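Written below as structure tokens is the structure these notes are about.
The values are calculated or read from the model by the stated rules, or taken from the named source; none is laboratory data. Note that this is a predicted model, so its numbers are computed, not measured. In this analysis, Cβ positions are derived from the backbone assuming ideal geometry, glycine residues included, and neighbour counts consider all displayed protein chains. Side chains are part of the model used for accessible areas, which takes the heavy atoms of the whole protein and leaves out ligands, DNA and RNA. Shrake-Rupley method; radii C 1.70, N 1.55, O 1.52, S 1.80 Å.
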Amino acid sequence: MTAKRSGRQSANSAQQTRKQILCVAGDLFVEKGFDRVSVREIADSAGVSHGLIRHHFGSKQQIWEQICDLVLQDVLMQIKTILSELDPNLPANERYFSLITRFLATQLCDPRPMRLMVDAVRDNEMLFNYFQEAPADIEELFDSELRAVQAQGYLEGMKVKEMKWLICMFTDAPATLAPLLIDVYDTSLDKARVQHWMLACQLLATPLGIANDKLPKPDSLEEVALPWSRCITDGRCDP
């Protein structure tokens, strides 16, 4: 009995160690960029040996890949949750507008996962290829909703990858260009992010035929975003 309990404790300890390494590595990748972070630095920041990092993951790229997997799983859950909470009687254009704008608000509330991916794929072809092989479920959900909209006569000719590109741009810009964003709207960063999000809503509303009186005007992004996220960079990761 003692041996079994000890084995479970050992397995739990190993899992917690892996979690700690992933969380620390995620923070470092976001702060410094993938290429500027070494395995040694991850080990020192996580309070573990360099050898233990190699034992659990093998290489820095494998650490990033596991982080990427967790983030993409989180994205998939976010999309499914947003869709499940939508009124099934909504017209396709309003449904798509709600999906994209609420998903964007969720990403803007915590842009670190997107920053992690944008930085990593910028100059690293291997990481870019890995990111491009995202779970098919994500693209299928976006594509299915887009096709329903196009059947209504909206966004004709748009490809799902173009919408992914717009989401990336609108999510990453406030994080990488925060001083400029504050200057543009002459207010606090949080309020400027709301204005930035509302700009995205306006740009999306026109081609979707969404009337101005239906555009949301929240005081904060948290009013629109999902109230949860399993972001691996904040200590709540669950590998």
Seminar exercise, completed: Residue pairs qualifying under the 7 Å Cβ cut-off, at least six apart or on distinct chains, with the first in segment 1-23 being under 22 Å from Glu65 (Cα atoms) and the second being surrounded by fewer than 17 Cβ atoms within 10 Å (Cβ to Cβ) and modelled with pLDDT under 80, are Arg18/Pro239; Lys19/Pro239; Leu22/Pro239; Cys23/Gly235
Seminar exercise, completed: Exactly one of Pro113, Pro88 is in contact with a Cys (Cβ under 7 Å, 6 or more places away or on another chain) and over 14 Å from Lys164 (Cα atoms), and that residue is Pro113
Seminar exercise, completed: Subset of segment 54-80, residues among the polar types (S, T, N, Q) and either out of contact with any helix residue (DSSP H, G or I) (no Cβ under 8 Å at 6 or more places or on another chain) or open to solvent by 30 Å² or more (accessible area, probe 1.4 Å) (or both), comes to Ser59, Gln61, Gln62, Gln66, Gln73
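Are any residues in segment 62-107 of a type in the set (Asp, Glu) and at pLDDT below 90, and if so, which ones?
Glu65, Asp69, Asp74
One line per residue, one yes/no per condition, for (1) touching a strand residue (DSSP E or B) at 6+ places or on another chain (Cβ under 9 Å); (2) under 30 Å from Asn212 (Cα atoms); (3) open to solvent by 10 Å² or more (accessible area, probe 1.4 Å); (4) in contact (Cβ under 8 Å) with a residue 40 or more places away in the chain:
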site: Ile82; (1), (2), (3), (4): no, yes, no, yes
site: Glu85; (1), (2), (3), (4): no, yes, yes, no
site: Pro88; (1), (2), (3), (4): no, yes, yes, no
site: Arg115; (1), (2), (3), (4): no, no, yes, yes
Problem set entry | Residue ID - surrounded by the fewest Cβ atoms within 10 Å (Cβ to Cβ), chosen from residues in segment 117-169 that are outside any helix (DSSP H, G or I) and of a type in the set (A, V, I, L, M) | Met158
